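Computed from the coordinates by the stated procedures, all read-outs in this text should not be read as laboratory data. Keep in mind that what you see is a predicted model, and the values were worked out from it rather than measured. Cβ atoms come from the backbone with ideal geometry, glycine included; neighbour counts cover every protein chain shown.
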Amino acid sequence: MDFTGKTIWITGASSGIGAGLATAFARAGARLVLSGRRAEALAEVAGRCQSDTMILPFEATDLAGLPAIVAEAEAKTGGIDILVNNAGISQRSLALDTDFDVYRTIMDVDFFAPLRLTQLVMPAMVKRGTGAIVNNASVAGKVGSPLRTAYCAAKHAMVGWSDALRAETAQYGITVHVVTPGFVATSIAANALKGDGSVNGPNDDPVNAGISIDEAATQILDALATDTPEIPVGRAGAAELQLLDLMRSNPRQLFEVMASMAPKVPR
């Protein structure tokens with residue numbers, strides 16, 4: 001896959017992996033549409049991109065407003081070549097302590113919002129006979145991780161949806177890629193929701209010691225360049241990435257590892 005001159009729409013582009021992808025795609029010669037909730041943060045990222053960049057802020061869960069947003073993006077750019085569904089939110093709470101509304105919020109942000117945006121962008125790709133969808137999931141989209149039942153549910157849904165979508169749309173020249181990052185040093189743990197819906201806040205979560213957003217973006221672009229369908233991202237040999245192999249080779253052992261990590265709380 002060549003990115004030169006391609007129009008790439010990135011959601012969740014104001015920080016984290018999305019911001020890293022923006023600067024990486026810009027260096028590769030792409031034109032960008034950067035979206036997220038915070039216009040000022042998007043402008044800062046755009047300022048670091050030496051490319052034709054459009055800022056299009058919106059709330060990911062405003063599903064009713066998405067048709068107009070997509071129409072604006074396509075009208076101003078002439079069409080989206082690659083859609084990167086990157087916006088998302090994580091969780092840090094036990095299932096027994098998690099309000100139902102937290103499950104609904106995380107499913108809306110991490111699954112239904114990217115699904116709906118993709119539905120609206122794909123018809124033009126089909127008409128042109130080319131395009132790519134890049135869905136940022138997680139190792140938690142393949143492995144059941146404690147304190148993340150809502151996040152795992154949403155990311156497992158994204159992985160399954162991506163796999164099925166790939167099978168359906170290959171005939172139209174559309175490729176579908178799912179990214180499964182391990183630990184990347186972003187604010188995902190700090191911004192995660194607790195069981196009551198409040199924000200987790202600064203902490204010493206292991207994800208904070210992960211690879212940089214620039215390294216993550218490099219790994220993703222390198223894999224996309226070779227049309228890799230599923231893209232694990234993280235430090236080579238990292239324990240969380242080894243879980244992907246363990247899931248296939250010894251699922252019982254994987255469960256035992258995950259169970260050992262779950263907080264032990266008397267009830």
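Taking every DSSP beta bridge that has both ends in the chain, the antiparallel portion is near 5%.
Only DSSP H runs of four or more residues enter the estimate; each adds -39500 (n - 2.57), and after division by the residues of the chain the mean residue ellipticity at 222 nm equals -13500 deg cm²/dmol. In the calculated pair-distance distribution of segment 110-199, the portion above 17 angstrom amounts to 54 percent of the Cα-Cα pairs. If only the Cβ of Lys and Arg carry +1 and only the Cβ of Asp and Glu carry -1, the dipole of segment 5-108 around its Cα centre is close to 440 debye. Rg over Rh for the chain works out to 0.96, using Cα positions for both radii and the Kirkwood form for Rh. Under 23 Å of direct C-alpha separation, and excluding same-chain neighbours fewer than eight residues apart, residue 127 reaches these lysines: 6, 76.
For segment 17-123, the extents of the C-alpha atoms along the principal axes are 48, 28, 21 Å, listed from largest to smallest.
Projecting each Cα onto the charge dipole of the chain (Lys/Arg +1, Asp/Glu -1 at the beta carbon, about the Cα centre), which of 43, 150, 114 comes out farthest on the positive side? Going by the Cα projections, it comes out as 150.
Taken about its Cα centre, the chain carries a charge dipole of about 220 debye when Lys and Arg each add +1 at the Cβ and Asp and Glu each add -1 at the Cβ.
Using θ = phi - 60° in the Karplus curve 6.51 cos²θ - 1.76 cosθ + 1.60, the 3J(HN,Hα) couplings for segment 110-116 round to 8, 10, 5, 5, x, 4, 5 Hz; x is entered for Gly and Pro. Charged side chains reduced to their Cβ positions (Lys and Arg at +1, Asp and Glu at -1) give segment 153-267 a dipole of some 480 debye around its Cα centre.
As a length-normalised measure over Cα pairs under 8 Å and 6 or more apart, the relative contact order of segment 7-261 settles at 19 percent.
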